[in-house]
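Taken together, the values in this text are just the output of simple stated rules run on the coordinates, not laboratory data. In this text the structure is predicted, and so the values were computed from the model without any measurement. Positions of Cβ are generated from backbone atoms using ideal geometry, with glycine treated the same way; all protein chains shown enter the neighbour counts.
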Amino acid sequence: MSSIPFAIKGLDHIVLRVRDLDRMLRFYCDILGCSMERVQAEIGLTQVRAGRSLIDLVPVDGKLGRMGGAAPGKEGRNLDHFCITIEGYDEAKIRAYLTAHGVQAGEAGSRYGAEGEGPSLYVTDPEGNVVELKGQPWQRQAGE
């Protein structure tokens, strides 16, 4: 058996099919702090930067979006959730900030992720996609 000729480095991007691009851009850029990366209007693709990764937003009525069938909804989501790692995790401050921006924060807890066990909080974007905001692992927070 031969060895794998590559090594996985991390998550590059995710693609979300969306109904209301402007509303989704306000959520991801204005509220969560992503930055606009690139727009390819001819194919219906808008990319926002989330740290080292990208979140691609594809309107369901655009060239790429039409290839995916019906729009995502409560009974037919594109994914369960995705996770964005954040620095400066303070649950009370995050909840207050989200509330001030009309976003209801969901369940918080300690969860295991790519960097280890640490605090996280769930939020839902305007089209029902669940986003996990994950703080640094406990051992990193304690300076170990």
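What's the lysine pair count for the chain at a Cα cut-off below 26 Å, pairs eight or more apart or interchain? Number of lysine pairs found: 4.
This model, with +1 at the C-beta of Lys and Arg and -1 at the C-beta of Asp and Glu, gives the range 73-120 a dipole about its Cα centre of some 220 debye. Projecting the Cα positions of GLY10, LEU45, TYR97 onto the charge dipole of the chain (unit charges on Cβ atoms of Lys, Arg, Asp and Glu, taken about the Cα centre) puts LEU45 furthest along the positive direction.
Toward the positive end of the charge dipole of the range 13-141, with +1 on the Cβ of Lys and Arg and -1 on the Cβ of Asp and Glu, the farthest Cα among GLN139, SER35, GLY109 is that of SER35. Placing +1 on the Cβ of every Lys and Arg and -1 on the Cβ of every Asp and Glu, with no other charges, gives the range 13-141 a dipole of roughly 160 debye about its Cα centre. Stokes-Einstein, applied to the Kirkwood radius of the chain over Cα pairs at a viscosity of 1.306 mPa s and 10 °C, places its translational diffusion at 96 µm² s⁻¹. Remark on HIS13: its backbone amide H falls under 5 Å from those of LEU54, a criterion applied only to residues 5 or more positions apart or on other chains, H modelled at 1.01 Å from N.
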